[in-house]
1. Would it be correct to say that residue 29 is modelled with pLDDT of 90 or more and either at positive phi or crowded, with 16+ Cβ neighbours inside 10 Å (or both)?
2. Please enumerate the residues belonging to region 32-53 that are closer than 22 Å to residue 65 by Cβ and loosely packed, with under 15 Cβ neighbours inside 10 Å.
3. In region 25-78, which residues are part of a loop (DSSP other than H, G, I, E, B) and over 18 Å from the mean Cα position of the chain (by Cα)?
4. Go through 265, 299 for me and flag whichever is over 21 Å from residue 60 (Cα atoms) and assigned to a helix (DSSP H, G or I).
5. Identify the single condition in (1) out of contact with any helix residue (DSSP H, G or I) (no Cβ under 9 Å at 6 or more places or on another chain); (2) free of Cβ contacts under 8 Å to residues at least 12 places away in the same chain; (3) farther than 30 Å from residue 68 by Cα that residue 211 does not satisfy, given that it satisfies every other one.
6. Within region 265-304, how many residues turn out to be under 26 Å from residue 199 (Cα atoms) and without any contact (Cβ under 8 Å) to a residue 12 or more places away in the chain?
7. Among the residues of region 252-261, is any under 25 Å from residue 199 (Cα atoms), in a strand (DSSP E or B) and either in contact (Cβ under 8 Å) with a residue 24 or more places away in the chain or out of contact with any helix residue (DSSP H, G or I) (no Cβ under 7 Å at 6 or more places or on another chain) (or both)?
8. Kindly list, by first and then second residue, each pair from a residue in region 78-100 that is at positive phi to a residue that is in a helix (DSSP H, G or I), limited to pairs with Cβ atoms under 8 Å and residues at least 6 apart or on different chains.
């Protein structure tokens, strides 16, 4: 007699099937809406965290999946599935899950291609170059025009943290990590400067919300972003694997910051971390491949 799957396996299969059903519905709607008008308008109007029936709805669905399985992380869910592969229903649900991942990422790649957002490949070595110290920037707190020259020639290295957008949770967590490790940064004579491409009103709100003590400069024309080769990408921000990581934050009761409706932002901009010596030479270069991809303080300091 064939071994009967236990209740855990059956519960896993049901939870996974429900998640896949929700994901397919969101993807089908996105496919339809993206072809009804300009692709740029679809991205701007339809992919918003406030809109439940959008691609971002999969984040909540992922959190529901984890809660249904009594886990908090994707890895824990995968471990649970791997222990119950004797269940035919679960194997079928896992196959549907993998197919949804392929379809999801292919859709985002199509949008990247249509909008020409796929980041260009840079063969030059930024670590051997200097960033122009005369690039005009705006002090987020005072509104005054400044340049990077203000921070150079003072015997300190400068860690530039280019954030993605004001409502990026991962950027905020990274800033928190830097602040927790301030003593290590001080010991290596590293001064942190945060850079955003957003407006001063948005920056003021961000500083108030985060309590960030670092200097913050605004680069509205994204000249610094461009100089470091930072592009934008829907796929690198919202790919299936990343969505399930974002779901972990929701499952652990962490709330994503809300956009200010009157401030234009760009959720698909990629960020990065760069360390300059006191002459403006780049000592450390990390171009983020996703919102999750930030270097640790140890990685930054060990590369000095």
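1. So residue 29 does not fit the description; no.
2. 50, 51, 52, 53
3. 35, 36, 37, 38, 51, 52, 53, 69, 70, 71, 72
4. Just one listed residue meets the conditions, 299.
5. Condition not satisfied by residue 211: (1).
6. Here the count works out to 1.
7. No: region 252-261 contains no residue that is under 25 Å from residue 199 (Cα atoms), in a strand (DSSP E or B) and either in contact (Cβ under 8 Å) with a residue 24 or more places away in the chain or out of contact with any helix residue (DSSP H, G or I) (no Cβ under 7 Å at 6 or more places or on another chain) (or both).
8. Hits for this filter: zero, empty list.
The values are calculated or read from the model by the stated rules, or taken from the named source; none is laboratory data. In this text the structure is predicted, and so the values were computed from the model without any measurement. Ideal geometry is used to build each Cβ from the backbone, glycine not excepted, and the neighbour counts take in all protein chains shown.
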